[in-house]
Amino acid sequence: MSVLALLFLAVFPAALVAAAVKDVTSFTIPNRIPALLALAFLPAALLAHLPAAALGLHLAVGAGALLLGIGMFALGWCGGGDAKLIAAAALWLGWPALLEFGAWTAMAGGALALALITVRRGVLTPYAVRGPAWMGRLIASDAGLPYGLAIACGAIAALPHAELFTALAAG
């Protein structure tokens, strides 16, 4: 495996972890993270020697995920950063891994919601409030759900089944 392929293999999970950490600590996902993923996709796809049809399918999946994300944002179901991160992750994962991405993201989101409900209503709340300021905001009863963490977990869990990554790892 070339150093360049290894670099592109690392970009995706590193950007997802950065988005998750930023979302958990500030309830925002900076535009530069999904933008980095979107911009890095084409060189990664070319390095992986994806056929034109597969490349087109990845682009269609990313565009479809962006439209879905925009719809969810318009309905107030997620934040704008979440919508863009879903689209960028879907672009990299492509069609075969998209279903796994959705399933893993939903399960991670459910686990995250249960964990936050438990902490927000539980005996740990007084201790968590004594932690960093971001932790106090995270466990506030009126706080939202930093779904970027669930998106990152879902995308990383689907990674082994993504055509782009298996091609990069083989190359």
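The residues on offer are Gly69, Gly102, and the sole one that is among the small types (Gly, Ala, Ser), free of Cβ contacts under 8 Å to residues at least 24 places away in the same chain and more than 17 Å from Val17 (Cα to Cα) is Gly69. One residue stands out in the range 141-169 among those that are surrounded by fewer than 16 Cβ atoms within 10 Å (Cβ to Cβ) and touching a residue at least 12 places away in the same chain (Cβ under 8 Å): the one that is farthest from Ala108 (Cα to Cα), namely Ala169. Pro34 meets each of the listed conditions (1) farther than 16 Å from Ala152 by Cβ; (2) in contact with a Lys or Arg (Cβ under 6 Å, 6 or more places away or on another chain) apart from (1). For first residues located in the range 82-96 and touching a residue at least 12 places away in the same chain (Cβ under 8 Å), partners that are polar (S, T, N, Q) and lie 6+ apart or on another chain with Cβ distances below 8 Å form the pairs Lys84/Asn31; Ile86/Thr105. Of all positions in the range 62-74, at least one carries a residue that is of a type in the set (A, V, I, L, M, F, W, C), in contact with a Gly (Cβ under 8 Å, 6 or more places away or on another chain) and either closer than 28 Å to Leu36 by Cα or at pLDDT 95 or above (or both).
Of the helices (runs of 4 or more DSSP H) contained entirely in the range 108-171, those carrying at least 1 residues that are among the charged types (D, E, K, R) and more than 30 Å from Trp92 (Cα to Cα) fall at 133-139.
The values are calculated or read from the model by the stated rules, or taken from the named source; none is laboratory data. Model, not experiment: these values are computed from the prediction. In this analysis, Cβ positions are derived from the backbone assuming ideal geometry, glycine residues included, and neighbour counts consider all displayed protein chains.
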